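Note sheet for the following structure.
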Amino acid sequence: MRFRSTRKQSPEVDLSLALTQGLAPDGGLYVPCDFPSVTLANFKGSDDPATFAIKLLTPFLKHSALERHTQDICRKAFNFPLPLKRLNATTSMLELFHGPTLAFKDVGARFLAASMSKLQSRSTVIVATSGDTGGAVAAAFSEYEDTITLILYPKGKISRRQEIQLTCWGDRVHAFAINSDFDRCQKLVKDALGSSSLQARHRFISANSISLGRLLPQMVYHARASLQYFEETGIAPDLIIPSGNLGNSVAALWAKRVGFPIRRVILATNANSTLADFFQSGVYQPHTTIATLANAMDVGNPSNIERLRDLYPTMAQLRNDVAVNLVTDDEIRKTIRSSPQVFGEIVCPHTATALQSITPGEHAIVEATAHPSKFETIVEPLIGKAVPVPQALLALESRPTRSIDVPSPDTFLNDLAQWI
Ligand SMILES: *Cc1c(COP(=O)(O)O)cnc(C)c1O
């Protein structure tokens, strides 16, 4: 398959080049030139995730250097369960938090890591994180001996559990506690990726959410869950997706585009109102980010907006398939509190935005994007009891941790050589 830039000013590329480049040279994001249309009869909702992934992703890897590794990459990425649980007559919950760092980002990070390990023998992954991305990327790439991973996080601004998940991956993962905020960390990563001298020396690759290597595999669980729901009920459900940078939601819309039984995608957002305002007015206007309880979705200018608008050139087309529901912190608290009684589930603040976006009587799959134990300081006071901690997280908490203090971000890139 060929991929083109959303800005249409760069040459078409295959998947391997799209992955090594990250961003297209014209500054746009890579999208498929044409979507294949799938024959649903070839897919079974009961197929295990890796088998389903191989069937769905084979056309996307075709004619690239990754083609002959499709099976291996899919088996490495999809090695944990992605269960769909029925909550009531019209609602099911897709649990995306059974990977190594208990969030859906494990799927994309593991696929990208497995793909990169086939494409270049030695590489340095660099990523800025304010939450789940860094942990998932560190966990995924730490399995490959030829890769060094650099995680930049804002010192003192993440939770104790988040910090453990960034700093416990051993010698090849360097976690830098930057004495600044997330935006500064992200700027340092951009500068590193843009510097030709650093680039020549370290062969940096980007693992941020615009990478196709994270987006494409995310199609798999949306597709599989929708088919499972359809096989059970004969009804194409809505997917209600906690959304920030829109990576997960664009992947869901790609799954719809290739033919899976998805009626609409509902973007559940926190109080960051960029998307809600855009759907209302038809004018896209980024806002400054505000901090909310669902912090992995604190985004004022979603990086995948170009892919969304590319897929739906007019507002009428967009509104036909997609809707937005904005959820305030008060509503998040209320939903976390009531969910154990109403649905029999303890949920994280992100998942709460999706539960809050259910329309009674409409068939929907609510996506649970992270395990509540990752956000225990928010969840436990609201439900009045401890959140059970999964074995995977307990195992991480007993590992030794290591982080490098960076008191002066300004000289960080110049000093990089002393650490790696
Ligand atoms: C990253 C993240 C989101 C938002 O996903 P996007 O692809 O950025 O829209 C939602 N929930 C959790 C738990 C996350 O980590």
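The values are calculated or read from the model by the stated rules, or taken from the named source; none is laboratory data. Note that the structure is a prediction, hence the values are computed from the model and not measured. Because the Cβ atoms are built from the backbone with ideal geometry, glycine has one as well, and the counts that use them run over all protein chains shown.
Return a yes/no flag: does segment 96-109 have any residue that is touching a helix residue (DSSP H, G or I) at 6+ places or on another chain (Cβ under 6 Å) and surrounded by fewer than 21 Cβ atoms within 10 Å (Cβ to Cβ).
no
Considering only segment 285-300, state which residues are within 23 Å of His350 (Cβ to Cβ) and more than 12 Å from the ligand (Cβ to nearest atom).
Of everything in segment 285-300, those that are within 23 Å of His350 (Cβ to Cβ) and more than 12 Å from the ligand (Cβ to nearest atom) turn out to be Pro286, His287, Thr288, Thr289, Ile290, Ala291, Gly300.
Any idea which of Pro242, Pro237 is within 12 Å of the ligand (Cβ to nearest atom), modelled with pLDDT of 95 or more and in contact with a helix residue (DSSP H, G or I) (Cβ under 8 Å, 6 or more places away or on another chain)?
From the options Pro242, Pro237, the qualifying one is Pro242.
With the requirement that a residue be touching a residue at least 40 places away in the same chain (Cβ under 8 Å), within 16 Å of the ligand (Cβ to nearest atom) and of a type outside the set (Lys, Arg), what does segment 356-374 give you?
Within segment 356-374, Gln356, Ser357, Ile365, Val366, Glu367, Ala368, Thr369, Ala370, His371, Ser373 meet the criteria.
Residue-wise test of (1) within 23 Å of Pro242 (Cα to Cα); (2) in a loop (DSSP other than H, G, I, E, B); (3) modelled with pLDDT of 90 or more.
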| position | (1), (2), (3) |
| --- | --- |
| Leu112 | yes, no, yes |
| Ser117 | no, no, yes |
| Ala139 | yes, no, yes |
| Ile148 | no, no, yes |
| Asp171 | no, yes, yes |
| Lys190 | no, no, no |
| Ile205 | no, no, no |
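What's the total number of residues in segment 91-117 that are among the basic types (Lys, Arg) and away from the ligand (no atom under 11 Å from the Cβ)?
Counting residues in segment 91-117 that are among the basic types (Lys, Arg) and away from the ligand (no atom under 11 Å from the Cβ) gives 1.
So which residues in segment 233-262 are among the polar types (S, T, N, Q), part of a helix (DSSP H, G or I) and either buried (at least 24 other Cβ atoms within 10 Å of the Cβ) or touching a Phe, Trp or Tyr at 6+ places or on another chain (Cβ under 9 Å) (or both), if there are any at all?
Asn248, Ser249
Find the residue count for segment 267-303, including only residues that are touching a residue at least 60 places away in the same chain (Cβ under 8 Å) and surrounded by fewer than 24 Cβ atoms within 10 Å (Cβ to Cβ).
Residues flagged as touching a residue at least 60 places away in the same chain (Cβ under 8 Å) and surrounded by fewer than 24 Cβ atoms within 10 Å (Cβ to Cβ) within segment 267-303 amount to 3.
Conditions first: (1) touching a residue at least 12 places away in the same chain (Cβ under 8 Å); (2) out of contact with any strand residue (DSSP E or B) (no Cβ under 7 Å at 6 or more places or on another chain). Arg68 passes all but one, so which condition is the exception?
(1)
Taking Val258, is it under 19 Å from the mean Cα position of the chain (by Cα), in contact (Cβ under 8 Å) with a residue 60 or more places away in the chain and more than 13 Å from the ligand (Cβ to nearest atom)?
Here the answer is no, as Val258 does not meet what is asked.
Between a residue in segment 77-101 that is in contact (Cβ under 8 Å) with a residue 12 or more places away in the chain and assigned to a loop (DSSP other than H, G, I, E, B) and any residue that is aromatic (Phe, Trp, Tyr) and surrounded by fewer than 19 Cβ atoms within 10 Å (Cβ to Cβ), which pairs come within a Cβ distance under 9 Å, given they are 6 or more apart or on different chains?
Short answer, once both residue conditions are applied: His98/Phe80; Gly99/Phe80; Pro100/Phe80.
Of the conditions (1) hydroxyl-bearing (Ser, Thr, Tyr); (2) modelled with pLDDT under 95; (3) more than 24 Å from Gln218 (Cβ to Cβ), Ser281 satisfies every one except a single condition; which number is it?
Unmet for Ser281, out of (1) hydroxyl-bearing (Ser, Thr, Tyr); (2) modelled with pLDDT under 95; (3) more than 24 Å from Gln218 (Cβ to Cβ): (2).
Starting from segment 331-350, keep only residues that are more than 15 Å from Leu293 (Cα to Cα), then list their pairs with residues that are more than 16 Å from the ligand (Cβ to nearest atom) and hydrophobic (A, V, I, L, M, F, W, C) whose Cβ atoms are within a distance under 8 Å, requiring at least 6 positions of separation or different chains.
Pro340/Ile383; Phe343/Leu87; Gly344/Leu87; Glu345/Leu87; Ile346/Ile383
Which one of these does Leu267 not meet: (1) more than 9 Å from the ligand (Cβ to nearest atom); (2) more than 23 Å from Gln71 (Cα to Cα); (3) among the hydrophobic types (A, V, I, L, M, F, W, C); (4) touching a helix residue (DSSP H, G or I) at 6+ places or on another chain (Cβ under 7 Å)?
The number of the failed condition is (1).
Quick one: which strands (runs of 3 or more DSSP E) lie wholly within segment 318-420 and hold at least 3 residues that are on the phi < 0 side of the Ramachandran plot and not β-branched (Val, Ile, Thr)?
Result: 322-326, 364-368.
Being among the polar types (S, T, N, Q) and under 19 Å from Gln165 (Cβ atoms) is the filter; apply it to segment 339-386 and report the residue that is surrounded by the fewest Cβ atoms within 10 Å (Cβ to Cβ).
Thr377
State which residue is nearest to the chain's Cα centre (by Cα) when the search covers only segment 173-187 and only residues that are modelled with pLDDT under 90 and surrounded by fewer than 18 Cβ atoms within 10 Å (Cβ to Cβ).
Within segment 173-187, the match that is nearest to the chain's Cα centre (by Cα) is Gln186.
Kindly check whether there is at least one residue in segment 225-232 that is surrounded by fewer than 17 Cβ atoms within 10 Å (Cβ to Cβ) and in a helix (DSSP H, G or I).
Looking for residues that are surrounded by fewer than 17 Cβ atoms within 10 Å (Cβ to Cβ) and in a helix (DSSP H, G or I), one finds at least one in segment 225-232, hence yes.
Somewhere in segment 305-316, is a residue polar (S, T, N, Q), away from the ligand (no atom under 16 Å from the Cβ) and part of a loop (DSSP other than H, G, I, E, B)?
yes
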